[in-house]
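In what follows, a single structure is set out as structure tokens and then discussed.
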Amino acid sequence: MGRLDGKVCIITGSNSGVGAAAAELFAKEGAKVVITARRQDKLDEEANKIRSMGGTVLAVKCDVSKEEEVIALVKKVVEEFGTVDVLLNNAGVLEAGLKPIDRCLAEDVDRVFSINTKGTIFCSRECAKIMAEKGTGSIINLDSVAGHFGCGGAAYVTSKAAVIGLTKHTALRFAGKGIRCNSVCPSTIVTPMTMTTDPKTLDVDMMTQMSKHADLRVQPCMPDDVAKVCLFLASDDSRPITGQVIVCDYGSTL
């Protein structure tokens, strides 16, 4: 038996990186996996990969920053599978250049918050409604050490700190009612999003300050590392755990 046998799991931003790794791992553990992102072609590629492994998958194009698309996503999942058991809020973006507060741009704030924060709120709200009807569920927010320690661009840091607050709020709202919510905070993860950052655009002053919370001699996280932490929080093995912020960084920020 798998650790997620029969559970319906929505994973946002799941066409690459941590989202794709989690989708594949969850499917191997018996979950009915719903993958969603903004690019249908990439979703279809990932869906085919999961099916080739023998997994059950539904691919739905969705921009989590758009409330109506999130509502339609959850409705489609319930129509297809009857319920939602696990939500992994993984979709996220970085602002260009890690701009500190004194150089932060309005367009960065709007773009980063619309996906990282608003998208997480919309998805959590809609899935929590379904989970509340049956009194069980797990919501996992893929956050960042940036939100925990302030090490990043102002827009990104604030968007992730807000999600930590949302995690604690959601856990409190449903404490004792069978619905759990936790945050996973990796440091740098080797993914297409982080590896395609142009070093020339990075704010040197901010990078220097961030080094106070980063030991570059310590190995970075790989997508599978983070996916395994998410699997634990999705499974019944973590049933007593809620409202927690779990840093997974091999100790690089200690």
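The values are calculated or read from the model by the stated rules, or taken from the named source; none is laboratory data. Model, not experiment: these values are computed from the prediction. Don't worry about glycine lacking a Cβ; one is built from the backbone with ideal geometry, like all the others, and counts go over all protein chains shown. Only protein heavy atoms, including side chains, enter the accessible area calculation; ligands, DNA and RNA are left aside. Shrake-Rupley method; radii C 1.70, N 1.55, O 1.52, S 1.80 Å.
Couple of notes before you dig in:
- Electrostatic tally near Ala27: other residues with Cβ closer than 10 Å to its Cβ, Lys and Arg +1, Asp and Glu -1, net +2.
- Cα gyration tensor shape of the stretch 144-189, rounded if a/c is under 1.5, else prolate or oblate by comparing a/b with b/c: prolate
- From the coordinates of this entry, Cα extents along the principal axes in Å is computed, and it appears in [x] 50, 40, 36; [y] 65, 58, 29; [z] 61, 38, 35 under the label [x].
- Contact order for the stretch 25-129, expressed relative to its length and based on alpha carbon pairs under 8 Å spaced 6+ residues apart, stands at 26 percent.
- Surface composition of the chain: carbon and sulfur atoms hold 54% of the protein heavy-atom accessible area at a 1.4 Å probe.
- Helical contribution to [θ] at 222 nm, DSSP H n ≥ 4, -39,500 (n - 2.57), averaged over the chain, rounded to 500: -13500 deg cm²/dmol
- Summing +1 for each Lys or Arg and -1 for each Asp or Glu among the other residues whose beta-carbon sits under 13 angstrom from that of Ala234 gives +2.
- Residue (of Thr253, Ser144, Ile71) at the positive-pole extreme of the chain, dipole from beta-carbon charges: Ile71
- Rule-of-thumb Rg ratio for the stretch 24-98 [Cα; 2.2 N^0.38 Å; N residues]: 1.17
- Modelled spin labels at Asp110 and Lys134, positioned 7 Å past Cα toward Cβ, are 4.0 nm from each other.
- Between the helical axis of 17-28 and the longest alpha-carbon principal axis of the chain there is an angle of about 20 degrees.
- Relative contact order %, the chain, counting alpha carbon pairs below 8 Å whose residues are six or more apart: 20 percent
- When Rg and the Kirkwood Rh are both derived from Cα coordinates, the Rg/Rh ratio for the stretch 104-163 amounts to 1.09.
- Under 14 Å, Cβ to Cβ, from Ala171 - net charge with Lys/Arg +1 and Asp/Glu -1: +4
- Using bins of 5 Å that start at zero, the share of Cα-Cα pairs per bin across the stretch 35-173 amounts to 2, 10, 18, 20, 19, 15, 11, 5, 2, 0, 0, in whole %.
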